[in-house]
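Accompanying notes for the structure given below.
The values are calculated or read from the model by the stated rules, or taken from the named source; none is laboratory data. All of these numbers come straight from a predicted model, not from anything done at the bench. A quick note on method: Cβ atoms are made from the backbone with ideal geometry, for glycine too, and the neighbour counts reach across all protein chains shown.
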Amino acid sequence: MLAVANYVLEHFYYGQFVRDGKPEGELRLLAQSAGVTPEQVAEAVQQALVPPLVESPTGSWALVRGKKTIPFIMVQSQLGEAGQSVLHFVLMPVDVLRAMGGNLKAMMSLVLADMPAYEKQGDTLDTVTLPQVEPQTAEAQIDDILALMSFTRNRTDTIESLLAGIVQGVPIVVQNAPPNLEERVTFVQGLLAFLPPSARNPLSYNPIMHAIAAFRRAFYPNYPALVLDTGYLFYCALFAAALGLALERATRRLEA
């Protein structure tokens, strides 16, 4: 029997110190594994500083795209027993997510029921391991789609709006989402089953999507515009202007 390999991932904790049973100070680096760099910490905090979900025992949980030093970031945000804010960041390489094939439930093993509390900056952490899993089967994707339709009460317009937000890279807030972590992950997997990764690339060729993302980025500098490519937008605008001028010149000659 062949042994199943595990993925070894770097991670760090970020939050408040706890002293005399009370949270103290601003959010800061609490502890990290040996392979985490200061640049990665800064980028993860900038891109994925999500607020805790008070109603959920495990807090909030997200998978966020990085920018320069980190491809993707898995983050869990929680309020500790002393009321301190604690975030757990796990650095996710692209090949790990690609191997999952949309099976996000595999990452639930990284979600902690209780975050550790720190009175001072901790020692170097051991890396975390993620068991290797198979991509979702067609039957599992159908189950997730059916669950999504149940969550949305078969409102296809709601599902279409959510898919449009995912394609455009718009942060989505879902009201009355399932409180249970596994149900929330099933909710997201149902959306991903509707929109396979191969569908996103052709849609990103629409320059209007890039213009909308650039407009939003102008108002919100930290807006995570995942499909924004200002160079592509510039050349599309330049081509459209050149084509318009050429057609205008050709029309003028015909009228003369």
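For Thr127, indicate whether it is surrounded by 14 or more Cβ atoms within 10 Å (Cβ to Cβ), of a type in the set (S, T, N, Q), closer than 19 Å to Leu9 by Cβ and in contact with a strand residue (DSSP E or B) (Cβ under 6 Å, 6 or more places away or on another chain).
Against the criterion (surrounded by 14 or more Cβ atoms within 10 Å (Cβ to Cβ), of a type in the set (S, T, N, Q), closer than 19 Å to Leu9 by Cβ and in contact with a strand residue (DSSP E or B) (Cβ under 6 Å, 6 or more places away or on another chain)), Thr127 qualifies.
Taking the conditions exactly as written (crowded, with 18+ Cβ neighbours inside 10 Å and of a type outside the set (Ser, Thr, Tyr)), does Leu87 satisfy them or not?
It is true that Leu87 is crowded, with 18+ Cβ neighbours inside 10 Å and of a type outside the set (Ser, Thr, Tyr).
Is it true that some residue in region 46-54 is farther than 23 Å from Phe187 by Cβ, assigned by TED's automatic domain parsing to the domain that holds His11 and of a type outside the set (Val, Ile, Thr)?
yes
For region 130-157, give me each residue that is surrounded by 15 or more Cβ atoms within 10 Å (Cβ to Cβ) and either touching a residue at least 60 places away in the same chain (Cβ under 8 Å) or closer than 15 Å to Phe194 by Cα (or both).
Leu130, Gln136, Ala140, Gln141, Asp143, Asp144, Ile145, Ala147, Leu148, Met149, Phe151, Thr152
Report, ordered by the first and then the second residue, all pairs with beta carbons closer than 7 Å, sequence separation of six or more or different chains, a first member in region 229-256 that is within 14 Å of Asn206 (Cβ to Cβ), and a second member that is exposed (fewer than 10 other Cβ atoms within 10 Å of the Cβ) and aromatic (Phe, Trp, Tyr).
Pairs that qualify, where the first residue is within 14 Å of Asn206 (Cβ to Cβ) and the partner is exposed (fewer than 10 other Cβ atoms within 10 Å of the Cβ) and aromatic (Phe, Trp, Tyr): there are none.
Quick check on my filter: what residues within region 71-128 are in a strand (DSSP E or B), more than 30 Å from Asp20 (Cβ to Cβ) and either aromatic (Phe, Trp, Tyr) or modelled with pLDDT under 90 (or both)?
Of everything in region 71-128, just one residue is in a strand (DSSP E or B), more than 30 Å from Asp20 (Cβ to Cβ) and either aromatic (Phe, Trp, Tyr) or modelled with pLDDT under 90 (or both), namely Phe72.
For region 17-47, give me each residue that is closer than 16 Å to Met74 by Cα, in contact with a strand residue (DSSP E or B) (Cβ under 9 Å, 6 or more places away or on another chain) and assigned to a helix (DSSP H, G or I).
Matches in region 17-47: Gln40, Val41, Glu43, Ala44, Val45, Gln47.
Please go through region 114-124 and give me each residue that is of a type outside the set (Ser, Thr, Tyr) and either surrounded by 13 or more Cβ atoms within 10 Å (Cβ to Cβ) or outside the structural domain of Gly102 (by TED's automatic domain parsing) (or both), ordered by number.
So in region 114-124, the residues of a type outside the set (Ser, Thr, Tyr) come out as 114-117, 119-123.
Result: Met115, Pro116, Ala117, Gly122.
Does Ser204 satisfy being at pLDDT below 70, closer than 30 Å to Asn103 by Cβ and surrounded by fewer than 16 Cβ atoms within 10 Å (Cβ to Cβ)? Please lay out each step first, then the result.
Values: at pLDDT below 70: yes; closer than 30 Å to Asn103 by Cβ: yes; surrounded by fewer than 16 Cβ atoms within 10 Å (Cβ to Cβ): no.
Criteria not met by Ser204.
Name the residues in region 135-155 that are at pLDDT below 80 and either among the hydroxyl-bearing types (Ser, Thr, Tyr) or closer than 23 Å to His11 by Cα (or both), would you?
Thr137
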